[in-house]
1. Pairs under 9 Å by beta carbon, first residue on the phi < 0 side of the Ramachandran plot in the range 171-182, partner among the small types (Gly, Ala, Ser), six or more apart or different chains?
2. Name every residue in the range 98-141 that is small (Gly, Ala, Ser) and not in a helix (DSSP H, G or I), in order of residue number.
3. Of the conditions (1) at pLDDT 90 or above; (2) in a helix (DSSP H, G or I); (3) open to solvent by 20 Å² or more (accessible area, probe 1.4 Å), Lys53 clears all except one; give me its number.
4. Which of the residues that make up the range 1-49 are β-branched (Val, Ile, Thr), farther than 19 Å from Phe73 by Cβ and either in contact with a Gly (Cβ under 6 Å, 6 or more places away or on another chain) or in a helix (DSSP H, G or I) (or both)?
5. Do we find that Lys128 is open to solvent by 60 Å² or more (accessible area, probe 1.4 Å), out of contact with any strand residue (DSSP E or B) (no Cβ under 7 Å at 6 or more places or on another chain) and closer than 24 Å to Asn21 by Cβ in this structure?
6. With surrounded by 11 or more Cβ atoms within 10 Å (Cβ to Cβ), out of contact with any strand residue (DSSP E or B) (no Cβ under 8 Å at 6 or more places or on another chain) and touching a residue at least 24 places away in the same chain (Cβ under 8 Å) as the only criterion, which of Lys162, Lys158, Lys166 stands out?
7. Specify which of the listed residues (Leu103, Leu120) is under 22 Å from the mean Cα position of the chain (by Cα) and closer than 14 Å to Leu23 by Cβ.
8. Condition check: in contact with an Asp or Glu (Cβ under 7 Å, 6 or more places away or on another chain), crowded, with 17+ Cβ neighbours inside 10 Å and of a type outside the set (A, V, I, L, M, F, W, C). Does Gly84 satisfy that?
Amino acid sequence: LAEVSGKISEGEFLQMSNEKNTLLTINEYLQIISLKTAELFGAAMKIPAILTKKNNKMIKQLNLVGLNFGMIFQIIDDHLDYFGTAKTGKIQGQDFMEGKITLPIIILLNKTNPSEKKWLTDVFKNKKRYKSDFLKTKVLLENYDIENLSLKYADNLKIKSKKILKIFKNQSSLLLEELLDKSISRKN
């Protein structure tokens with residue numbers, strides 16, 4: 001638990017130090033969310049296995065499922081900032097207004113033409129972003145199909161986790177598979 005707490009703190013620090021950083025790469029983003037969010041989920045899966053004296057291979061597999069689940073959770077949460085509806089309960093545009101560079105923006109910055117990229121970079125460098133900036137960004141996200149591109153990252157993690165869960169062949173693993181599906185479908 002102490003190790004996990006340290007990693008979560010490191011992830012929070014990395015996220016704060018990368019706010020408005022339009023040069024943030026997908027790998028750096030994934031590293032941040034793996035530390036910030038996924039470590040907690042990993043611990044939730046790993047600790048019961050340790051306490052019930054499961055073998056090391058099983059502990060590692062369950063930890064990986066938890067890590068993947070946490071990353072899926074964060075990717076979808078970041079995704080909902082741009083593509084969520086009132087049903088999801090997430091306020092659209094909040095991360096954008098706070099200057100958080102998340103997966104949809106990173107992918108968009110990699111897809112846009114030079115003038116669009118400059119505009120978006122300037123928007124995130126500004127102290128404040130406006131609703132008109134958010135609406136224009138949403139148009140760019142739609143034009144470049146970023147909704148589907150960002151969901152692919154969550155889907156890939158879900159597939160990896162389901163492969164691991166198939167090994168267990170029990171009611172709990174089936175429930176976890178269903179939970180993985182629902183965590184991605186909360187985008188609607």
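The values are calculated or read from the model by the stated rules, or taken from the named source; none is laboratory data. Note that the structure is predicted; figures quoted are calculated from it, not measured. Methodologically, a virtual Cβ is constructed for each residue, glycine included, from the backbone with ideal geometry; neighbour enumeration extends over all protein chains shown. When the accessible area is computed, the model is the full protein with side chains, heavy atoms only, and any ligands, DNA or RNA have been set aside. Shrake-Rupley method; radii C 1.70, N 1.55, O 1.52, S 1.80 Å.
1. From residues that are on the phi < 0 side of the Ramachandran plot, the pairs are Leu176/Ser161; Glu177/Ser161; Leu180/Ser161.
2. Step one: filter the range 98-141 for residues small (Gly, Ala, Ser), giving 99, 115, 132.
Answer for the range 98-141, where residues must be small (Gly, Ala, Ser) and not in a helix (DSSP H, G or I): just Gly99.
3. Result: Lys53 fails condition (2) only.
4. We begin by selecting, within the range 1-49, every residue β-branched (Val, Ile, Thr); these are 4, 8, 22, 25-26, 32-33, 37, 47.
After this cut, where a residue has to be farther than 19 Å from Phe73 by Cβ as well, the list is 22, 25.
Across the range 1-49, there are no qualifying residues.
5. On the way: open to solvent by 60 Å² or more (accessible area, probe 1.4 Å): yes; out of contact with any strand residue (DSSP E or B) (no Cβ under 7 Å at 6 or more places or on another chain): yes; closer than 24 Å to Asn21 by Cβ: yes.
Yes: the conditions hold for Lys128.
6. Lys158
7. Numbers: Leu103 fails: closer than 14 Å to Leu23 by Cβ.
Checking each option against the conditions leaves just Leu120.
8. Working: in contact with an Asp or Glu (Cβ under 7 Å, 6 or more places away or on another chain): no; crowded, with 17+ Cβ neighbours inside 10 Å: yes; of a type outside the set (A, V, I, L, M, F, W, C): yes.
No; evaluated as a whole, the condition is false for this residue.
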